[in-house]
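Since the structure comes first, as structure tokens, the remarks are kept for the end.
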Amino acid sequence: MNPSTIIGMLASIVLLVSVLFFTAESPQSFMNLPGLAIVLAGTMAATFISYPLREVLRVVRLVGLVFRRENTYTRDDIKELVDMSRLWFKGDVRAVEEALEKTRNPFLRTGIQLVIANTKEQEIFDLLRWRIARLKAREHAEAQIFRTMATYAPAFGMIGTLVGLVNMLEVMEAGDLHVIGPRMAVALLTTFYGILLANLVFKPIAVKLERRTEERLIAMNMVLEGISLITKRRLPSFIEETLNSFVANYHDEIRDPSAGRRGSDEAGQNA
């Protein structure tokens, strides 16, 4: 399970429980199934109209990705690239082909297969960059589905509110507050549901998927750089150091504050 998703879910549950039990006389006052049905059904209907069926059906699988902690296996890819570069540097093509059969990264496998086939360097880059662009476009479209749903949900919440207000106006002439009050509450609850679903469900899922895509693109560009270095027959040690820089974590890429402190401490000790 993804820990950040779990923390977010627990925080949202605490928030909703606090709203229900500390700001309302009865938690049931925030329950309105017809209003919730208007928001959910309307949002899903508009989404089906906006996107092809095959893309909408992927929504369930995408929600599962948010809860699952996914490993990009970047370190494994670096090790495989470095090992293959050593074999390629020695001219042992057969050993490289055997290593390819064990790799789990199809992007890496395709790149090395093109290298073995003596494909021109520019043609290799063009093909692999096209695959990177295709993945980026596909996964961006998947995240965009949830951003679209986040746009529709508040709109259908407002539609439910208008429906509730019309029903309230029908009984307003009687002046009975016991009837007007509940209908007013129902009218406002649909807007509450729409905003809640948009900002606590649909938008967070979209952001999570976009961050996942960014991490996958970094991993693919790292593999692309490794294949580039292999085609140029760079030393395996140089390839390893270069690829490790892709996954190195720096607090600040521009300046290291700790380095200045260390220099001051050393100067004080020497004085």
Report summary line: (1) out of contact with any helix residue (DSSP H, G or I) (no Cβ under 6 Å at 6 or more places or on another chain); (2) open to solvent by 70 Å² or more (accessible area, probe 1.4 Å) all hold for Ile195 apart from (1)
Requested in this report: Can you tell me which residue among Asn2, Asn32 is within 18 Å of Arg211 (Cα to Cα) and open to solvent by less than 50 Å² (accessible area, probe 1.4 Å)?
Outcome: Asn2
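Does Arg94 count as under 21 Å from the mean Cα position of the chain (by Cα) and of a type in the set (Lys, Arg)? Spell out how you get there, then give the answer.
Values: under 21 Å from the mean Cα position of the chain (by Cα): no; of a type in the set (Lys, Arg): yes.
Here the answer is no, as Arg94 does not meet what is asked.
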Query raised in the report: Taking Asn71 and the conditions (1) surrounded by 11 or more Cβ atoms within 10 Å (Cβ to Cβ); (2) within 30 Å of Asn105 (Cα to Cα); (3) among the polar types (S, T, N, Q), which numbered condition does it fall short on, given that it satisfies the others?
Result: (1)
Report task. Could you check how many residues of the range 116-140 are touching a residue at least 12 places away in the same chain (Cβ under 8 Å), open to solvent by less than 70 Å² (accessible area, probe 1.4 Å) and either within 16 Å of Met222 (Cα to Cα) or under 25 Å from the mean Cα position of the chain (by Cα) (or both)? Result -> 8
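So if I check each of Ile180, Ile239, which one is aliphatic (A, V, I, L, M) and either open to solvent by 70 Å² or more (accessible area, probe 1.4 Å) or under 32 Å from the mean Cα position of the chain (by Cα) (or both)?
Details: Ile180 fails: either open to solvent by 70 Å² or more (accessible area, probe 1.4 Å) or under 32 Å from the mean Cα position of the chain (by Cα) (or both).
Checking each option against the conditions leaves just Ile239.
Kindly indicate the residue of the range 42-63 that is open to solvent by less than 60 Å² (accessible area, probe 1.4 Å) and out of contact with any helix residue (DSSP H, G or I) (no Cβ under 7 Å at 6 or more places or on another chain) and also farthest from Arg212 (Cα to Cα) among those meeting that condition.
For the range 42-63, the residue satisfying everything is Ala45.
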Report task. Determine if the range 152-166 includes at least one residue that is of a type outside the set (S, T, N, Q), open to solvent by less than 40 Å² (accessible area, probe 1.4 Å) and either modelled with pLDDT under 90 or over 30 Å from Ala45 (Cα atoms) (or both). Result -> yes
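The values are calculated or read from the model by the stated rules, or taken from the named source; none is laboratory data. Given the structure is predicted, the values throughout are model-derived calculations rather than measurements. Here the Cβ is made from the backbone with ideal geometry for all residues, glycine too, and neighbour counts use every protein chain on show. Just the protein is used for accessible areas: all its heavy atoms, side chains included, with ligands, DNA and RNA removed. Shrake-Rupley method; radii C 1.70, N 1.55, O 1.52, S 1.80 Å.
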